[in-house]
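Below is one structure, written out as structure tokens, with a few remarks after it.
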């Protein structure tokens, strides 16, 4: 049974997480402060941590930094309030791998946990997270797991391979994929290179969370966001 740590200063929220996460098969560890949460993390080393971003004393951003210092591969999901996208993006820049909004919706929680579990399974096989294929006159790059600074050689190689003698590129994100701040910076640079070459790029498969992030940081100005692979293929064809 996998361990998970939940850090939140609101007792009703912790009780809700205990009920939900036990049903999902987790051994649930809880803490009401950031300081207590770090003590539990250091002792138990759970692979997944859920932390509220706004707490008295040590907040979730500081918890995130400390957890990543102790174990950089830990999956940290931050809990934000609606309208706190700036904090969510700040957390992604600090290597958080996902975020969910309060009030917690069961569907969003399930999706975030599913993404975290899949990324843990893929963590030891980084080269398998990015694959290239060809469809007609388009190059497609399939992305799963977590896109981060560690993805740089694989993603750069994929762009190079997929971009040969094609009219455009489509990035197909797996439903459980995520991208942190370093990954967004890397992707932005690769998309700028495509723009200089006049190569149209479409992106599809993003979760709602990361679609919002891409729009806020301006990735959608470099590559159009589509709801499906078929729409993306048609879109890049129409733009060439």
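The table below gives the values:
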item	result
Unique residue being more than 17 Å from residue 133 (Cβ to Cβ) and free of Cβ contacts under 8 Å to residues at least 40 places away in the same chain when the list is 195, 160	195
Residue that is farthest from the chain's Cα centre (by Cα), among those in the range 1-34 that are in a helix (DSSP H, G or I), touching a residue at least 12 places away in the same chain (Cβ under 8 Å) and farther than 19 Å from residue 96 by Cβ	11
Residue within the range 176-199 that is assigned to a loop (DSSP other than H, G, I, E, B) and at pLDDT 90 or above present	yes
Residues located in the range 185-202, provided they are touching a strand residue (DSSP E or B) at 6+ places or on another chain (Cβ under 9 Å) and within 14 Å of residue 150 (Cβ to Cβ)	186, 187
Residue in the range 85-100 that is out of contact with any helix residue (DSSP H, G or I) (no Cβ under 8 Å at 6 or more places or on another chain) and either buried (at least 18 other Cβ atoms within 10 Å of the Cβ) or touching a residue at least 12 places away in the same chain (Cβ under 8 Å) (or both) present	no
Any chance residue 59 is farther than 8 Å from residue 5 by Cα, crowded, with 18+ Cβ neighbours inside 10 Å, in the same structural domain as residue 99 (by TED's automatic domain parsing) and within 24 Å of the chain's Cα centre (by Cα)	no
Residue identified as under 19 Å from residue 221 (Cβ atoms), surrounded by 15 or more Cβ atoms within 10 Å (Cβ to Cβ) and either touching a helix residue (DSSP H, G or I) at 6+ places or on another chain (Cβ under 7 Å) or free of Cβ contacts under 8 Å to residues at least 40 places away in the same chain (or both) among 130, 179	179
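Conditions tested, residue by residue: (1) at pLDDT 95 or above; (2) under 23 Å from residue 147 (Cβ atoms).
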site	(1), (2)
36	yes, no
40	yes, no
51	yes, yes
54	no, no
71	no, yes
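Results for (1) out of contact with any helix residue (DSSP H, G or I) (no Cβ under 8 Å at 6 or more places or on another chain); (2) surrounded by 15 or more Cβ atoms within 10 Å (Cβ to Cβ); (3) closer than 19 Å to residue 80 by Cα, shown as yes or no for each residue.
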| residue | (1), (2), (3) |
| --- | --- |
| 5 | no, yes, yes |
| 8 | no, yes, yes |
| 12 | yes, no, yes |
| 19 | yes, no, no |
| 22 | yes, no, no |
| 25 | yes, no, no |
| 31 | no, yes, yes |
| 42 | no, no, no |
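The values are calculated or read from the model by the stated rules, or taken from the named source; none is laboratory data. These numbers come from a predicted model, not from an experiment. Every residue, glycine as well, gets a Cβ built from its backbone with ideal geometry; the counts of neighbours run over all protein chains shown.
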